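Dumping the structure here so I can ask a few things about it.
The values are calculated or read from the model by the stated rules, or taken from the named source; none is laboratory data. These numbers were taken from a predicted model, which means no experiment stands behind them. Ideal geometry is used to build each Cβ from the backbone, glycine not excepted, and the neighbour counts take in all protein chains shown. Each accessible area value is taken on the protein alone, full model and side chains, heavy atoms only, with ligands, DNA and RNA left out. Shrake-Rupley method; radii C 1.70, N 1.55, O 1.52, S 1.80 Å.
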Amino acid sequence: MKIRKTNFEKLLIIESKAHFDERGVFIESLRQNILKDAINQSINFVQENIVRSKKNVFRGLHFQKTPCSQSKLVSVQNGKILDFVIDLREGSKTFGESYSINLSSDNNLSLFVPADFAHGYLTLEDNTVVSYKVDNYYSPSHEEGIRYNDPSINIQLPVDKELLIISEKDKNFPDFKWQTTIK
């Protein structure tokens, strides 16, 4: 497992090595000690979610408000996604900026997303399976989101908006008020 830093503090790309043999493939996707050294803190994942989606599904941009904010480790078990995060950490050098990366079952990359980031992704293939571990339990009363086409974040989706499949909840998230805190 190799860790690559991004220009966002504690936002990390994790590259897992695949070991192939006649039985199939073995991938070590997480080592707590390596992650702890990279972010200088312990992470205790308490919940894992698995999502299967059709091509052109956009999920997000979601986040949990304090005290239920979540760090995530996002991986793709099958297919491919374009993953997006927005830094919501007031005082951060990258506050309000977005980052995107292609994650797939072929490239064996995962993304560690620190707490207080909004997160979403676009599926690029049918039958895409995404798993993500979180370090805090989901709390419906602390869930928030940012509308995917909020002009202030200006994320670029490589598909016509008419082809997007988005839940009503995600379509109706408000534009993000950058002057407000997520706490």
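With respect to residue 140, determine if the residue is without any contact (Cβ under 8 Å) to a residue 40 or more places away in the chain, more than 16 Å from the chain's Cα centre (by Cα), open to solvent by 20 Å² or more (accessible area, probe 1.4 Å) and over 27 Å from residue 18 (Cβ atoms). First the steps, then the outcome.
Working: without any contact (Cβ under 8 Å) to a residue 40 or more places away in the chain: yes; more than 16 Å from the chain's Cα centre (by Cα): yes; open to solvent by 20 Å² or more (accessible area, probe 1.4 Å): yes; over 27 Å from residue 18 (Cβ atoms): yes.
The answer is yes for residue 140.
Next up: Applying the selection to segment 10-38, what residues are farther than 15 Å from residue 73 by Cα and either in a helix (DSSP H, G or I) or acidic (Asp, Glu) (or both)?
Hits for segment 10-38 are 21, 22, 37.
So which strands (runs of 3 or more DSSP E) stay within segment 93-183 end to end and still have 3 or more residues that are modelled with pLDDT under 95 and closer than 15 Å to residue 13 by Cα?
Numbers: elements: 98-104, 109-113, 117-123, 128-134, 143-145.
In segment 93-183, no matching strands (runs of 3 or more DSSP E) lie anywhere.
Which of the residues belonging to segment 77-104 are of a type in the set (D, E, K, R) and closer than 24 Å to residue 50 by Cα? Lay out the reasoning, then the answer.
Taking segment 77-104 first, the residues of a type in the set (D, E, K, R) are 80, 83, 87, 89-90, 93, 97.
Across segment 77-104, the qualifying residues are 80, 83, 87.
Now for a separate question. Are any residues in segment 143-166 of a type in the set (Gly, Ala, Ser) and open to solvent by less than 20 Å² (accessible area, probe 1.4 Å), and if so, which ones?
So the first thing to find is which residues in segment 143-166 are of a type in the set (Gly, Ala, Ser), and the list is 145, 152.
Correct list: 145 only.
Looking at segment 80-109, which of the residues that are farther than 27 Å from residue 163 by Cβ and out of contact with any Phe, Trp or Tyr (no Cβ under 7 Å at 6 or more places or on another chain) is surrounded by the fewest Cβ atoms within 10 Å (Cβ to Cβ)?
The selected residue is 91.
Here's another thing I want to ask about it. May I ask you to say which residue of 2, 80, 72, 17 is modelled with pLDDT under 90 and of a type in the set (D, E, K, R)?
Numbers: 2 fails: modelled with pLDDT under 90; 80 fails: modelled with pLDDT under 90; 72 fails: modelled with pLDDT under 90.
Matching residue, one of 2, 80, 72, 17: 17.
Take residue 46 and tell me if it is among the hydrophobic types (A, V, I, L, M, F, W, C) and touching a residue at least 60 places away in the same chain (Cβ under 8 Å). Explain how you work it out, then say what you get.
Details: among the hydrophobic types (A, V, I, L, M, F, W, C): yes; touching a residue at least 60 places away in the same chain (Cβ under 8 Å): yes.
Spelling it out, residue 46 is indeed among the hydrophobic types (A, V, I, L, M, F, W, C) and touching a residue at least 60 places away in the same chain (Cβ under 8 Å).
Of the residues 78, 56, which is of a type outside the set (Lys, Arg), farther than 30 Å from residue 152 by Cβ and out of contact with any His (no Cβ under 8 Å at 6 or more places or on another chain)? Break it down into steps so the answer makes sense when it comes.
Values: 56 fails: farther than 30 Å from residue 152 by Cβ.
On inspection, the qualifying residue turns out to be 78.
Okay, moving on. Inside segment 63-79, can you point out the residues that are buried (at least 19 other Cβ atoms within 10 Å of the Cβ), assigned to a strand (DSSP E or B) and not hydroxyl-bearing (Ser, Thr, Tyr)?
Within segment 63-79, 63, 64, 72, 73, 74, 76 meet the criteria.
I need the full set of residues from segment 4-48 which are open to solvent by less than 50 Å² (accessible area, probe 1.4 Å), farther than 26 Å from residue 137 by Cβ and either of a type in the set (S, T, N, Q) or touching a helix residue (DSSP H, G or I) at 6+ places or on another chain (Cβ under 6 Å) (or both), in order please.
Correct list: 6 only.
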